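Here the structure is laid out as structure tokens; the discussion comes afterwards.
Each value in this text was obtained by applying a stated rule to the coordinates, not by laboratory testing. This structure is a prediction, so every number in the text was calculated from the model and none was measured. Every residue, glycine among them, receives a Cβ derived from its backbone with ideal geometry; neighbour counts consider all protein chains shown.
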Amino acid sequence: MTTTPPAAREKGTIFGLALRAVRLHLGLDQKALAARLGVSFSTLKAWESGRRPPPGSARTLLRLLRQEGLLPLPAEVLDAIPAMILWRGADGSVRFRNRAFAARMPGAMANRRPDAAGPVPPVAWSERRFPDGSLLQIGIETSDRLRFLEFFRNMRSGAAICTAIDGGSDFIITDLNTAGEQIGRADRSVIGRRLSEAFPGSEPFGLLQVMGDVWRTGRPASIPDRYYRDERFEGWRECYVYKLTTGEVVVVFTDVSERVAATRARRQSELRVRTLLDASRDEILLLSKTGVILAINEAARVRLERRTGGVDPLGAKFDQVLPAGAARSRLAVLHDVVTTAKVAHFEEQIRQRWFEFWFVPVGQPGRSVEEVALYAREITERKRTEEQLRQSQKLQAIGQLTGGIAHDFNNLLAIIVGNLQLLQERLSGSNDVKDLLADAVWSAKRGAELTHRLLAFARRQALNPEVVNLNNAVRNMTQLLRRTLGAGIEVRERLAPDLAHALVDPGELERALINLALNARDAMPGGGVLTIATRNVILGAAAAAALEETEPGDYTLLEVIDTGTGMTTDVVKKAFEPFFTTKDVGEGSGLGLSMVYGFAKQSGGHVLLESTPEHGTTVKLFLPRAANVSDRKRTAAASIAWGSGRCRGRAVLVVEDEAKLRKVAVTMLRQLGCEVVGVGTAAAALAHCAAAGPIDVLFTDIELPGGMNGIELAARLRTQRPDIAVIYATGHATEAISAKPDDAAVLAKPYAWDELAHAIAGVLGARTDEGRATEERPLR
Ligand SMILES: Nc1ncnc2c1ncn2[C@@H]1O[C@H](COP(=O)(O)OP(=O)(O)OP(=O)(O)O)[C@@H](O)[C@H]1O
Ligand SMILES: [Mg+2]
């Protein structure tokens, strides 16, 4: 249509107008004129409505006009034509103008022929020059046509006008606007072509089908975002299809690729955020400022649905999904956050569980808060760990304090016990005096036991871990326990036959067992059953994490179970603290469990209390397993008689910086028959060896002044004389003790003379009777 020059384009219109004027002049209706012209009624209708007539039709009309004697057309006919008609002679003078022309171009204008793009409304002119040089000009107003043409051309959407062929299964493109050329990656050469050929993707796109339907039914239809593809281009398109009264079908189409991509990107990013939110175990909600739930993650939904009985909490108000009290306090916080625009953070205990809440204002800084994000996280586990940590830090702090005091006391007690015992040996006086001395020794030993427990609690005990068969240790103990606990208490064993060996200090283990048994006895004043059980356990990562400072792994478990009074949770909480006792003054020092605790921890294990009032108590002692060690007999000192010959004449060097204690040790060793020299520092010891020659036994304190400790001293002397026997004395465990040689003995201060005698005999025995199995060490 638009390829046709304007003049020619108007021909159809002019022909139509002329035809109508002639028909009216002849007083015919459309049917009658159609019959006179020998064309069909619908053809005539189309001509009159301006459809361009086929070639030859003008001639048909002329023939009719001639028959009717209407040529040249009478002025009435020409005046009835609404088009402007002007006929000029060869000299340019006006021969005729019709009424329409006179109306549109009055006065001076009448002689001028305006341009097609002339005054508004514009006029499209067509003209014909006759052989005599005269010129016929016919003009019709084109304002609407041009307006719509411009509109069509400048639309941002693509538009194509098509005519149905093959019964509506395909279409001929009759016009295409500029946007259509761009969106369709085509130029105007597609006009006149089949749609299926010019745009081969139309068929799979569904366009042909939809256009066919629209053409048949006259009902407009749209194709929402759909993907178009052919060999030239592809992209997302949206179409609207409708039918014109001319029977043509119009397709208006837009390129929505960017919008689709943006929508997809937005959906993708929404999905990402949603996935992130739902993956969180924290509960996350978005609230309106009045407390309506606007968004919610999976964790929050699950919990709230439990409250609402499965009803979707989205869109509900806070007080519809929370208990009244909780809703009130949350809404108060929400209100604060909305008014202050500040984050609110608090922790709250809800029944047995702890939660942490964050209310975060959402929106631009400086603007009023319309929405608030709420994060809720369960922190019960963290709270428990924090509590445990506090508890163990408290115990450690107390441990440091008591450990320091106990260490000093130890040295003092060592001197007192040693001197008292030497006095006992030398005194041959009355029995009264001996009794007095015995009391003093008993009390000093009791004091030593207390400091020992304190040191144990402070984990500053000098431990001698050995591979121990716990079942044997228990069996050895139960005899003693039956005697000690009395007839009212039945002692039972429940020992796992496949029990792995533990790596613990057997002496300390015995002490711990005795402490536990005595506690059980005190809790069963009316009698009861004490069960000592053993079994292998494996602590997984989670189980180990629940016990403070405990590594996951294999343990042997020693349980001491009583049927006594049990403990309240308050007592359980404090039971390990030193000096915590519920017993009467003088009956309990409150150090028994402290010792057990310190021993277990220092051994690399753990101890747990399980107790319910009236239902007895179970103490669980987790002890580290001895890895890959067969049941090796412990090399322990044989009991030797006081002053027995084994030590006689042996050269012993005593190194101890505390002069009084040194004197006690020297005196004791002389009693044993040794040749003893005492010095105060490592340097003095080295000097003595250099001057006086070889020694048999080095008996040295571990901590020494002057920069070299006892272990380093022993190592130095052994480079010269590898067979020197070594005994260390120590008030408490130190870093250095782990570096001690295997065959050295460790004596805990304060040591009684018999312990010193065992140690000397032990190291000398190990030197002289290497490999000879000796009997088990007796109970301390
Ligand atoms: N088996 C048990 N049954 C009931 N309560 C116990 C048991 N073991 C310990 N307790 C409680 O724990 C407290 C602390 O025990 P711990 O052994 O540390 O000190 P003690 O027994 O009071 O004194 P000590 O052991 O120094 O003589 C006890 O006073 C008692 O209240
Ligand atoms: Mg006790």
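Quick look at the values:
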item	result
Hull-based mean projected area of the chain, where the convex hull spans the alpha carbons, in square nanometres	66.1 nm²
At 1.567 mPa s and 4 °C, Stokes D of the range 336-492 from Kirkwood alpha-carbon radius, µm² per second	57 µm²/s
Approximate spin-label separation Gln268-Asp439, in nm, with each point projected 7 Å along Cα-to-Cβ	9.4 nm
Pairwise Cα inverse-distance average, inverted: Kirkwood Rh of the range 280-378 (Å)	13.6 Å
When the convex hull of its Cα atoms is projected in every direction, mean area for the range 384-456 (nm²)	5.5 nm²
Percent of C-alpha pairs per 5 Å bin, the range 155-260, short to long	2, 14, 26, 29, 20, 7, 2, 0
Convex hull of the range 645-768 built on C-alpha atoms - directionally averaged projected area, nm²	6.7 nm²
Ordering of 330-338, 648-656 by packing [mean C-beta count within 10 Å, highest first]	648-656, 330-338
Order of Ser93, Ser202, Ser57 - criterion: other Cβ atoms within 10 Å of each residue's Cβ, fewest first	Ser93, Ser57, Ser202
Whole-Hz couplings from phi, Karplus 6.51/-1.76/1.60, listed for the range 163-178; x for Gly and Pro	10, 6, 9, 6, x, x, 8, 8, 9, 9, 6, 9, 7, 8, 8, 5
Arg384 paired with Thr60, simple spin-label distance in nm, labels 7 Å along Cα-to-beta-carbon	10.0 nm
